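I have placed the structure first, in the form of structure tokens, so that the comments after it can refer back to it.
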Amino acid sequence: MNRKIRMGMVGGGPDAFIGPVHRLAAELDGKIELVAGAFARDRERSIAGGARYGIGPERSYASLDAMIAAEASRADGIEMLTIATPNQHHLTAAKAAIAAGLAVMSDKPMTGNLTEAIALAALVRDAGTPFAVSYTYSGYPMVREARARVAAGAIGTVRKVVVEYPQGWLAGPATGKQAAWRMDPAQAGIGGCIADIGVHAFHLAEFVTGLRTGMLLADLGAVVPGRALDDDCTLLLRFQGGARGVLMASQISVGERNGLRIRIYGNKGGLDWRQEDPERLWQHGIDGETRIVYRGDPGLNEASIAATRTPAGHPEGYLEAFANLYRDFATVLRGGSAPLLPGVAEGLRSMALIDTAVAASRDNAGWVELQTEGELS
């Protein structure tokens, strides 16, 4: 199939941040095209949202149900749905899409709570629906390079993982639509910071190391007075196999912008990657030597090379990483394989993290088990 895959979007209206990001990422490689959307619950706002993307009023719908019904009657109707809404709509939108036979790219976290996630995972598996979750940072070439090096034993046996994601944009009042819904349990679900960026850090840690978290100790707090959801999180992790970890996610760290960073320490060396400097991967040897590996260097892993678009020295970043997920998804929709694409299993694990961490912190439970996929399904 050489033509573009036709994409619909729910959410991503006039004031949205992530909707335009999804659209740009989806269309970057010329494999997918946004053709329709239910961009807002109000008809006029949906039309305004559609105009933002160059979509006419006739394909800018007032509801997801209306879009699915109308598009099903068209020869050029949508074939996949991108979910770019606040968290509480994710399950409903995914169920409607799956019932209509549409593939789904869902923004993270997968649902509003773990019960919903378990139900959705079962639905996806029973239906055999192509389903992906936008854990963007796994699309960076040097993240995929780090994963390959850990798997190849470049740093030996993993002993320690430190992953941090500090932001400072919610250190003051949560003003504006983007801030307000993230602090509202009715829209965000049971987690605040842990669900917004903590799951990114968690997925990155498991993606790069290939390890699964077995136990955790959680300290989540609503630091700014009056908030119902956490805005600062610290977790200690114990991975299956014995490695230990620290996960810090914070949205009240004044001066920080988007400081996602992961450090992995093995018995033979260490790796260090920083999202705000994504072109470089630091590799440390136990002999004291440090080597900086650049995106585009000769001899990189095949997965890293495949995720690279421009020659070395021409910076690639967030949009290109996001686009790698959509390119992987297009490969799946065309019958191919994309083993690095985050899917329903990763979405389910992240929802288990949110649920477990929120409850353990609230109850001062100390060390608790994080359930595995088998226990959840």
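The values are calculated or read from the model by the stated rules, or taken from the named source; none is laboratory data. Note that the structure is predicted; figures quoted are calculated from it, not measured. Here Cβ is always computed from backbone atoms with ideal geometry, including for glycine, and neighbour counts include all displayed protein chains.
Go through (1) in contact (Cβ under 8 Å) with a residue 40 or more places away in the chain; (2) surrounded by 20 or more Cβ atoms within 10 Å (Cβ to Cβ) for SER46 and report which single condition fails. Checking SER46 against (1) in contact (Cβ under 8 Å) with a residue 40 or more places away in the chain; (2) surrounded by 20 or more Cβ atoms within 10 Å (Cβ to Cβ), the one that fails is (1).
Pairing each residue of segment 295-321 that is at positive phi and of a type outside the set (Phe, Trp, Tyr) with any residue that is part of a loop (DSSP other than H, G, I, E, B) and surrounded by 16 or more Cβ atoms within 10 Å (Cβ to Cβ), provided the two are 6+ apart or on different chains, yields C-beta distances under 7 Å for GLY296/THR308. Taken over segment 137-168, the residue count meeting the criterion of being outside any helix (DSSP H, G or I), within 16 Å of GLU276 (Cα to Cα) and of a type outside the set (A, V, I, L, M) is 6. Scanning segment 27-38 for residues that are touching a residue at least 40 places away in the same chain (Cβ under 8 Å) and farther than 30 Å from GLU316 by Cβ turns up nothing.
From GLU116, GLU164, GLU145, which residue is touching a helix residue (DSSP H, G or I) at 6+ places or on another chain (Cβ under 9 Å), surrounded by 24 or more Cβ atoms within 10 Å (Cβ to Cβ), acidic (Asp, Glu) and more than 21 Å from GLY19 (Cα to Cα)? Walk me through it before giving the result.
Numbers: GLU116 fails: surrounded by 24 or more Cβ atoms within 10 Å (Cβ to Cβ); GLU164 fails: surrounded by 24 or more Cβ atoms within 10 Å (Cβ to Cβ).
So the residue among GLU116, GLU164, GLU145 that is touching a helix residue (DSSP H, G or I) at 6+ places or on another chain (Cβ under 9 Å), surrounded by 24 or more Cβ atoms within 10 Å (Cβ to Cβ), acidic (Asp, Glu) and more than 21 Å from GLY19 (Cα to Cα) is GLU145.
As a summary of the residue check, THR213 satisfies the conditions (1) of a type in the set (Val, Ile, Thr); (2) in contact with a Ser or Thr (Cβ under 7 Å, 6 or more places away or on another chain); (3) closer than 18 Å to ALA357 by Cβ except for the one numbered (2). Is it the case that ALA345 is in contact (Cβ under 8 Å) with a residue 60 or more places away in the chain, surrounded by 20 or more Cβ atoms within 10 Å (Cβ to Cβ) and either polar (S, T, N, Q) or not in a loop (DSSP other than H, G, I, E, B) (or both)? Spelling it out, it is not the case that ALA345 is in contact (Cβ under 8 Å) with a residue 60 or more places away in the chain, surrounded by 20 or more Cβ atoms within 10 Å (Cβ to Cβ) and either polar (S, T, N, Q) or not in a loop (DSSP other than H, G, I, E, B) (or both). Total residues in segment 188-200 satisfying the condition of being under 12 Å from ALA357 (Cβ atoms) and either buried (at least 24 other Cβ atoms within 10 Å of the Cβ) or outside the structural domain of SER350 (by TED's automatic domain parsing) (or both): the figure is 7.
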